1. Spin-label point model (7 Å from Cα, Cβ direction): what's the ASN51 to ILE18 distance in nm?
2. Report the FRET efficiency, 1/(1 + (r/R0)^6), for ASN70 and LEU110, where r is their Cβ-Cβ distance and R0 is 22 Å, rounded to 0.05.
Amino acid sequence: MPDIPAAASTTLGLGARIGDNITVQGTLYYVDDYNLRTPAELNQTKVDSWNTLDLFAQYSFPGVGGWTENLALTLGVNNVFDEDPPEYRGTSAGNTSGYVGGTLGQVVQLGFTKTF
């Protein structure tokens with residue numbers, strides 16, 4: 001099992017409602033760099049810091065009747081700048097995940113909700 005210390009991390013979120021129809025939110029994630037307690041193989045003694053930004057927006061249609069009543073459209077972008085996580089080379093054969101942290105890379109989500 002690799003000897004990986006816990007890294008300090010911070011999450012900062014900020015959101016706003018604009019009028020009656022628009023909601024926006026941004027979330028910044030930061031994981032601090034850290035030294036490996038036991039130097040990893042392949043000449044690695046440190047894992048770099050990493051930060052990502054997620055954005056979300058929602059537009060709720062005004063409730064004026066018809067098919068748009070109670071309808072909302074959403075757009076979310078995770079990892080806006082498509083940041084790669086820092087490399088972690090592993091400490092033993094068979095344990096070389098390649099990265100510390102988890103990400104799918106940049107993900108764009110478009111959706112809608114409708115209540116009846």
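1. Placing both labels 7 Å along Cα→Cβ, they lie 2.3 nm apart.
2. For ASN70 and LEU110, the calculated efficiency is 0.75.
Bear in mind that the values in this text are calculations on the coordinates, not laboratory data. None of the values given here were measured: they were computed from a predicted structure. So basically every Cβ, Gly included, is an ideal-geometry build from the backbone, and we count neighbours across all protein chains shown.
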